[in-house]
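The values are calculated or read from the model by the stated rules, or taken from the named source; none is laboratory data. Remember, predicted model here, so these are calculated numbers, not experimental data. We place every Cβ from the backbone using ideal geometry, glycine too, and count neighbours over all the protein chains shown. All accessible areas refer to the heavy atoms of the entire protein, side chains included, with ligands and DNA or RNA removed. Shrake-Rupley method; radii C 1.70, N 1.55, O 1.52, S 1.80 Å.
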2 protein chains.
Amino acid sequence: MKKRTFKDNIYSGIAGMTKAFSSPNRLEIIDLLANGEKTVEQIAVQTAITVANASQHLQVLKTSRLVKSRREGTFIWYSLNGVNAFAAWKALRDLALELEPAVQATLRQFRQEMGSPGSVHYNNHPANEQILFLDVRPTDEFAAGHLPDARSIPVGELSERLTELPRDKTIIAYCRGPFCTYADEAVQLLRANGFQALRLEESYLDLKIDHN
Amino acid sequence: MKKRTFKDNIYSGIAGMTKAFSSPNRLEIIDLLANGEKTVEQIAVQTAITVANASQHLQVLKTSRLVKSRREGTFIWYSLNGVNAFAAWKALRDLALELEPAVQATLRQFRQEMGSPGSVHYNNHPANEQILFLDVRPTDEFAAGHLPDARSIPVGELSERLTELPRDKTIIAYCRGPFCTYADEAVQLLRANGFQALRLEESYLDLKIDHN
DNA sequence: CCGTAATTAAAGTATTTGTTTGAATAATTG
DNA sequence: CAATTATTCAAACAAATACTTTAATTACGG
């Protein structure tokens, strides 16, 4: 094999895999699946596309091996194929957050419109008994992995379950990642009800991959 | 801003940046620039494309902020724009090496045809005085950063400079990364001349990014 | 003003991409 | 086995891009 052929083959192969990452809908699906397996319809609902379209995108992701699937009855459950797939998504995400002004601006503006709740990074949160980590993702995602000592209340149930939460602690809510709005909604609701609440910048997955 | 608008904007923004990564030629340019700044003509020669074509790809990379440039006289020197750009490339590269059989097979086959020199990972190299790390990249890339205690002999000069190398040590050659052939060529040459020689799997950049 | 380095506009060619529609498949249930 | 549910798939459509080359142009230095 010639040196040039070798390089052409290698870089073409990687570029082929990279193409699976370069569609907005597919990125949203990857971001979603990182938090736990989902059926096609769940994916379609969450990303606001049709089931058929979601299925098409999932075939692309499956062909490039970024996701895998298993059948259970009439359902097919999709999930990310390994931690490296999440690592690549995270690298691209963080790169865009660093270098792409449009992405930065959109995030800043949205947070501001949500009332700019204020946020903490995990690495410098006050490590005492005055705080409570609240996981506001669906319970199955919590079950698939969560922060140590976090409590689980899905954002949809939060308004009816406020009595479960302590009023003498600062509640630090987290969800799927920087583009998930659940934590913002939770903090907004908690503050409206007199709680001390903040958003955690990192998701469980971000922390897991950093501190491996 | 509606939740859906927010997500659409965010994922579109990231996908836009990701598209810069999804061309074989651009990936090769990124891989090259990671090791140090280069002029347009150097890039064109190394990647075996025309200067005009290289320039076109560089504009794409510059627009998406993956590379930056500075002028020096009539030359324009391009380089990667920050360590996160390299981190994203590395993540995509490692993902393909893990999941894409075509990439794995091409690499395996090429190494085999080069005489399958044998290789070591940095993390389990014998840490004693019986080894010598040899950086076979161009001197300017060595100057931009290299392994501690590594010696620099560009692969093109190696055959004339064999007398500089000790015969009582195992020589561990490294270059730009897994798809760079310089180290393979160096090991081949060294072995043909009776030296003990191995290829280091990691590049300087891989080790630099891992260990902090 | 000439030479070198690089960019750019334009043109051409080819390919691809995302989505929808409607039919088909696959497993479960009654 | 028929009906139901979840999903896939083939086909088609409509845009949109992507890559490369050519030739003219800009930018700088001497």
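Which residue, B:THR18, B:THR63, B:THR74, tops the fluctuation ranking in a GNM of chain B built on C-alpha contacts under 10 Å?
Fluctuation is largest for B:THR74.
Give the chain A residue with the shortest beta-carbon distance to the rotation axis relating chain A to chain B, plus that distance as a whole number of Å.
A:ALA91, 2
Provide, for q = 0.10 Å⁻¹, the log10 of I(q)/I(0) from a solvent-free Debye sum over equal Cα point scatterers in the protein assembly as shown.
-0.79
Pairs of lysine in region B:3-82 with Cα under 26 Å and at least 8 positions apart or on different chains: total? Walk me through the intermediate numbers first.
Values: B:LYS3/B:LYS19; B:LYS7/B:LYS19; B:LYS7/B:LYS62; B:LYS19/B:LYS38; B:LYS19/B:LYS62; B:LYS19/B:LYS68; B:LYS38/B:LYS62; B:LYS38/B:LYS68.
Lysine pairs satisfying the spacing and distance rule in region B:3-82 number 8.
Using modelled amide H (1.01 Å from N, peptide plane; none on Pro or chain starts), what sits under 5 Å from the amide H of B:SER152, excluding residues fewer than 5 places away?
Counting only residues 5 or more places away or on other chains, the set is B:ASP135.
Relative to the longest principal Cα axis of chain B, at what angle does helix B:51-63 sit, 0 to 90 degrees, rounded to 10?
Helix B:51-63 sits roughly 60 degrees off the main axis of chain B.
Sort shortest first the distances from A:ALA192 to its counterpart in every other copy, using label points 7 Å along the Cα-to-beta-carbon line, and give them in nm.
The answer, with the shortest distance listed first, is 7.6 nm.
Using θ = phi - 60° and the Karplus curve 6.51 cos²θ - 1.76 cosθ + 1.60, what whole-Hz ³J(HN,Hα) does each residue of region B:15-30 get, with Gly and Pro shown as x?
In residue order, the calculated couplings are 4, x, 5, 5, 4, 4, 8, 9, 10, x, 4, 5, 4, 5, 5, 4 Hz.
Let me have the 222 nm mean residue ellipticity of chain B computed from DSSP H runs of 4+ only, each contributing -39500 (n - 2.57), with the sum over all residues rounded to the nearest 500.
-14500 deg cm²/dmol, from helical runs alone.
Dividing the alpha-carbon Rg of chain B by 2.2 N^0.38 Å yields what? Let's see the in-between values first.
Working: Rg = 19.2 Å, N = 212, 2.2 N^0.38 = 16.8 Å.
Ratio of Cα Rg to 2.2 N^0.38 Å: 1.14.
How big is the charge dipole of the protein assembly as shown about its Cα centre, in debye rounded to the nearest 20, if each Lys and Arg gets +1 on its Cβ and each Asp and Glu gets -1 on its Cβ?
Details: 50 positive and 50 negative charges, 212 e Å.
That gives the protein assembly as shown a dipole magnitude of about 1020 debye.
At 7 angstrom along the Cα-to-beta-carbon line, where would the label on A:THR50 sit relative to the other copies? Give the distances in nm, shortest first.
Copy-to-copy label distances at A:THR50, shortest first: 4.3 nm.
Copy-to-copy spacing for B:ARG161, label 7 Å out on the Cα-to-C-beta vector, in nm, shortest first?
Here the equivalent label points are 6.6 nm apart from this one.
Pop out the ³J(HN,Hα) list for region B:38-43 in order, Karplus 6.51 cos²θ - 1.76 cosθ + 1.60 with θ = phi - 60°, rounded to Hz; leave Gly and Pro as x.
My calculation for region B:38-43 gives 9, 7, 4, 5, 4, 5 Hz in order.
Work out from phi, with θ = phi - 60° and the Karplus expression 6.51 cos²θ - 1.76 cosθ + 1.60, the ³J(HN,Hα) of each residue of region A:74-86, listed in order in whole Hz, and give x for Gly and Pro.
Working through the residues one at a time gives 8, 8, 10, 9, 9, 8, 5, 8, x, 6, 5, 5, 5 Hz.
Which three semi-axes in whole Å describe the equivalent ellipsoid of region A:31-154, each the square root of 5 times a Cα gyration tensor eigenvalue, listed largest first?
Details: eigenvalues 167, 84, 46 Å².
Three semi-axes, in Å: 29, 20, 15.
Equivalent-ellipsoid semi-axes (√(5λ), Cα gyration tensor) for region B:1-68, whole Å, largest first?
After diagonalising the Cα gyration tensor, the semi-axes are 30, 10, 9 Å.
Quick one: buried accessible area between B and A, total over both chains, 1.4 angstrom probe, nearest 100 Å²?
Numbers: alone 12060 and 12090 Å², together 19140 Å².
For chain B against chain A, roughly 5000 Å² becomes buried.
For a quick check, take a GNM of chain A with Cα springs below 10 Å and name the residue from A:SER116, A:SER12, A:SER152 with the largest mean-square fluctuation.
Largest GNM mean-square fluctuation: A:SER12.
Kindly provide the pair-distance distribution of region B:117-210 built from C-alpha pairs, with 10 Å bins from 0 and whole-percent values in order of increasing distance.
In whole percents, the pair-distance histogram is 17, 57, 25, 1.
If I model a spin label at B:VAL83 and B:SER152 as a point 7 Å from the Cα along the Cα→Cβ vector, what separation in nanometres do I get?
The two pseudo-label positions are separated by 2.1 nm.
Quick check: at a probe of 1.4 Å, how many percent of the accessible area of region A:26-130 sits on carbon and sulfur atoms? Intermediate values should be presented prior to the final figure.
Working: 2630 of 5100 Å².
Here carbon and sulfur together make up 52 percent of the probe-accessible area.
Working from Cα positions, state the angle (0 to 90°, nearest 10) between the long axis of helix B:182-192 and the longest principal axis of chain B.
Its long axis makes an angle of about 10 degrees.
For the protein assembly as shown, with the dipole built from +1 on Lys and Arg beta-carbon atoms and -1 on Asp and Glu ones, taken about the Cα centre, which of A:ASN81, A:ALA54, A:PHE133 lies farthest toward the positive end?
A:ALA54
Most mobile of B:HIS146, B:HIS125, B:HIS57 per a Gaussian network model of chain B (Cα springs, under 10 Å)?
Evaluated over chain B, the most mobile residue of the options is B:HIS125.
Using a 1.4 Å probe, what is the accessible area per residue for region A:26-174, in Å²? Spell out each step's value before the answer.
Working: 7110 Å² over 149 residues.
Solvent-accessible surface per residue comes out at 48 Å².
5 Å is the cut-off here: which amide hydrogens, built 1.01 Å from N in the peptide plane, fall below it relative to A:LEU198, excluding neighbours closer than 5 in sequence?
A:ILE171, A:ILE172, A:ALA173
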